1. Over what distance in Å are the Cα centres of the stretch 18-87 and the stretch 139-165 separated?
2. Using a Förster distance of 51 angstrom, determine the FRET efficiency expected from the C-beta separation of Asn54 and Ser175, and round it to 0.05.
3. Leaving out ligands, DNA and RNA, and with a 1.4 Å probe, what % of the accessible surface on the stretch 117-181 is carbon or sulfur?
4. Quick one: if you stick a label point 7 Å off each Cα along the C-beta vector at Gln74 and Ala183, how many nm between them?
5. For the stretch 8-89, what is the accessible area per residue in Å² when the probe is 1.4 Å?
6. Mind checking the per residue accessible area of the stretch 119-253 for me, 1.4 Å probe, whole number of Å²?
7. Students often check this: by mean Cβ neighbours within 10 Å, which of 56-67, 122-133 ranks highest, and how do the rest follow?
8. With each pseudo-label sitting 7 Å past Cα toward Cβ, what's the Gln236-Asp126 distance in nm, one decimal?
Amino acid sequence: LLIKERGDEASSIKEDGTYLITGGLGGLGLLIAEWLVKQGARNLVLISRRQPDNQIKQRIQALENSSARVIVAQVDVTDKSQLAQLISNSKSSTPSPQPLSTSAPQPLSPSAPIRGIIHAAGILDDGVLQNMTWEQFTNVVHPKVLGAWNLHDLTQDSPLDFFVLFSSATALLGSPGQSNHVAANVFLDSLAHYRQSIGKPGLSINWGIWSDVGSAAERKADKEMQLRGIKAIAPQDGVDLFAKLLWSDASQV
C-alpha cells in the first residue's frame, strides 16, 4: 500500500490548537497523548467515562510538567448533549460543569480551537451472535458508532487538520464471537471514506493487536495471537506507524 503525504501547512501539530482523544485514559489514548505533547501540542482533552487512577494521574502530571494543559473530561461520547457542551467550550469562554481536569475544573480555551480528533474509545463484550443480547451488542457498538458520528456532526465547522478513527483488523478479517466489535469498526471505516468524499479529513486505521496496552492486551489476547503465529504491535512501533499515517492522504489503512 502506497501512502502519500499531504505535504501542506496543516501537516503539523499546533501549539495554539486543542487535540481531543476519546478513550483518552486508556493505554492507547495515553500513548498518543504523550506523542502529541512531544510534537508540540499544548492543549489536550482526554475523554473517558472512568476516573483516572494514580498511575494515570502520574502520566498526566508528566504531560503537564512538559507545559501541556490537560483536561480530563468525564463525558460519555454516546451522549450528544454532553459532548456538545464540551466541544462548545472551544468556541466560548463560558466554563462548563462537565470537563474535569486532574487539578481543578477548566473550560477549553477559546483561543485554542480543536484542530485534531482521535477516536480511540471502545470496549469488548464477546459472545456467539446467536446467544448475544441486544444490550451486549450495543454496549460495544454505541461507543464507537455513536461516538464517531457525534464527533463528526459536532465539529462540522471546526478547522480540523485530522480526524482519526481507531478501527480494527477484525473489520477486514472477521473475528469469531465479536460480531458487535466487527460491525462497529466497519462503520468507522465507512465514516472515514465518507468524510473524505465531502472534503473533510478522515482516516480509519485497522489496527491489529497491540502488545502490553489496549483492551485486547488486557484480556491476554496478544499472547493468544502470538501462539497462532500472529505478532502483536509493540507500543513504540504502533506510535511510529501512527505518526507516519497521520498526515497521509489515506482514508483507510
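The values are calculated or read from the model by the stated rules, or taken from the named source; none is laboratory data. The shown structure was predicted, so the numbers you read here are calculated from the model rather than taken from an experiment. Methodologically, a virtual Cβ is constructed for each residue, glycine included, from the backbone with ideal geometry; neighbour enumeration extends over all protein chains shown. Keep in mind that these areas ignore ligands, DNA and RNA; they rest on the heavy atoms of the full protein, side chains included. Shrake-Rupley method; radii C 1.70, N 1.55, O 1.52, S 1.80 Å.
1. With the stretch 18-87 and the stretch 139-165 each reduced to a Cα centre, they are spaced 16 Å.
2. The value I calculate is 0.90.
3. Looking at the stretch 117-181 in its full context, I get 57 percent from C and S.
4. About 3.1 nm, to one decimal.
5. On a per-residue basis, the stretch 8-89 sits at 41 Å².
6. 48
7. 56-67, 122-133
8. Spacing of the two 7 Å Cα→Cβ label points: 3.0 nm.
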